[in-house]
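See below for the structure under consideration.
The values are calculated or read from the model by the stated rules, or taken from the named source; none is laboratory data. Computed from a prediction, not measured in an experiment: that's the story for all the values here. Here the Cβ positions follow ideal geometry from the backbone for every residue, glycine too, while neighbour counts run over all protein chains shown.
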Amino acid sequence: MKKRLSLILLLFISLLLVGCGKLSTGKIGVIRDEEFGNVYIDLTIDEFNALGFSFGDSVDVKFNNGKTYYDIPYYSGYYVQVGELLCCGYPGYPHVVIARNYGDPTWEEFEMNEKSKVKITLNEKGKYIDTQELFSLDYFDDREKYESDIMFANFRVLNGGSIKENLVYRSASPCDNQHKRAPYANSLIAEYGIKFAINLSDNETKYLGYKEKDDFVSYYYDDLYKENNVLFLALNANYHAQGFAKAVSGALYEMTKSPGPTIIHCVEGKDRTGFLCALVLALAKASASEIIDDYMITYYNYYSITKDSDPKKYEAILGNVYDFLYCMCEVEKGVNVDTLDLFEGAKNYLAFGGLTQGEIARVIDYLTK
């Protein structure tokens, strides 16, 4: 009741500010996003939008410690360049977040604590609407809207280069059921005889929390966990960071101790999973086009996007996987990916992650025919 009254008051104040030409949240609290370490504002996405903000707006963000950021885009997804700041109302998440795309956590960057406050003010209505419309995608958590369990769970084997057949798979989470995909992914990893899991999004505490929920039916995955065959990494999406490189490089080395097959997953099996799968394929000497094709299957599975069905969105999304390859090869954005030595870049990335040349050779030998 108290929160509802506070929201009504906030709405009233906001309407007064709109009348003065200053659409604003007023000073509100912040919450630490425990998954990625970013700054949530203490308003849900619906509450924030109800104040008059819309995806595609430009906003100014001011914290009570004096840190201020102007002309920040507000999107429904992470539609900015790597490292750039945005406000994001990502579907399915509890609050609007202030984050850097594939960047370091903003909670520490902005020096937040539980007493911190933030004020978000409209800078320009609809300034970034073209980008919002280009990248925005309809995402459904209803199995009936998809052709198959495999599509719904975004499940598939990695193919390309000289990778061994039926060795490495990828999918949406088989244990985190926030998008209703876990039961389907769990059934598929059982059907395909998965023996080892690299979980990029959870730690053990979060996993045990899933087990306490009424909708938990991931019993095959739980058997892997009980046999110590689930590796929890709990990573954010900053694959440029050495900490990320160290974690995934170590995970690939640990994978070599399993007979396989292995499943790689995060929550949706899209970006963190996408980067690690691109790295695996590069180590198997897959071409840029093979890596790109694998990444874009996710966008067909979830959103029915292909090069023919929606060429503008398809080309825009390619920037994500291009950045994977630029990162591995340590080159600037815009280089023709077909000219990159992805195999050498992938090996260098594992070295950046702390593996010795002998350990890198073991990973490559394990992955390839």
**Top-ranked residue in region 218-242 [being among the hydroxyl-bearing types (Ser, Thr, Tyr) and free of Cβ contacts under 8 Å to residues at least 60 places away in the same chain; ranked as surrounded by the most Cβ atoms within 10 Å (Cβ to Cβ)]** = Tyr221
**Request:** Determine which single condition Met255 fails, assuming it passes every other condition in (1) of a type in the set (A, V, I, L, M); (2) touching a strand residue (DSSP E or B) at 6+ places or on another chain (Cβ under 8 Å); (3) surrounded by fewer than 20 Cβ atoms within 10 Å (Cβ to Cβ).
**Result:** (3)
**Message:** Considering only residues that are of a type in the set (A, V, I, L, M) and assigned to a helix (DSSP H, G or I), which ones fall in region 254-281?
**Reply:** Met255, Leu276, Ala278, Leu279, Val280, Leu281
**Prompt:** Looking at Ser116, Ser54, Ser24, which is the one that is among the polar types (S, T, N, Q) and within 25 Å of the chain's Cα centre (by Cα)?
**Reply:** Ser54
**Fill in**
In region 83-108, residues that are touching a Lys or Arg at 6+ places or on another chain (Cβ under 8 Å) and farther than 18 Å from Asp57 by Cα total 3
**Request:** Can you work out which of the residues in region 154-186 that are out of contact with any Phe, Trp or Tyr (no Cβ under 8 Å at 6 or more places or on another chain) and at positive phi is surrounded by the fewest Cβ atoms within 10 Å (Cβ to Cβ)?
**Result:** Lys180
**Asked** In region 286-334, which residue that is touching a strand residue (DSSP E or B) at 6+ places or on another chain (Cβ under 8 Å) and surrounded by 20 or more Cβ atoms within 10 Å (Cβ to Cβ) is farthest from Glu268 (Cα to Cα)?
**Response** Ala286
**Prompt:** Given the conditions (1) over 30 Å from Val80 (Cβ atoms); (2) assigned to a loop (DSSP other than H, G, I, E, B); (3) among the aromatic types (Phe, Trp, Tyr), which single one is not true for Tyr220?
**Reply:** (2)
**Request:** Give Ala197, Ala182, Ala245 a once-over and let me know the one that is aliphatic (A, V, I, L, M), over 29 Å from Ser289 (Cβ atoms) and outside the structural domain of Glu84 (by TED's automatic domain parsing).
**Result:** Ala182
**Message:** So for region 198-206 (the condition being assigned to a loop (DSSP other than H, G, I, E, B), over 21 Å from the mean Cα position of the chain (by Cα), of a type in the set (Asp, Glu) and at pLDDT 95 or above), does at least one residue qualify?
**Reply:** no
**Fill in**
Condition set farther than 17 Å from Ser187 by Cα and touching a His at 6+ places or on another chain (Cβ under 9 Å), scope region 199-217, selection surrounded by the most Cβ atoms within 10 Å (Cβ to Cβ): answer is Leu200
**Selected residue [outside any helix (DSSP H, G or I), out of contact with any His (no Cβ under 6 Å at 6 or more places or on another chain) and of a type outside the set (S, T, N, Q)] from Asp308, Asp323, Asp293** = Asp308
**Request:** Please state which one of Ala251, Ala237, Ala247 is part of a loop (DSSP other than H, G, I, E, B) and of a type in the set (A, V, I, L, M).
**Result:** Ala237
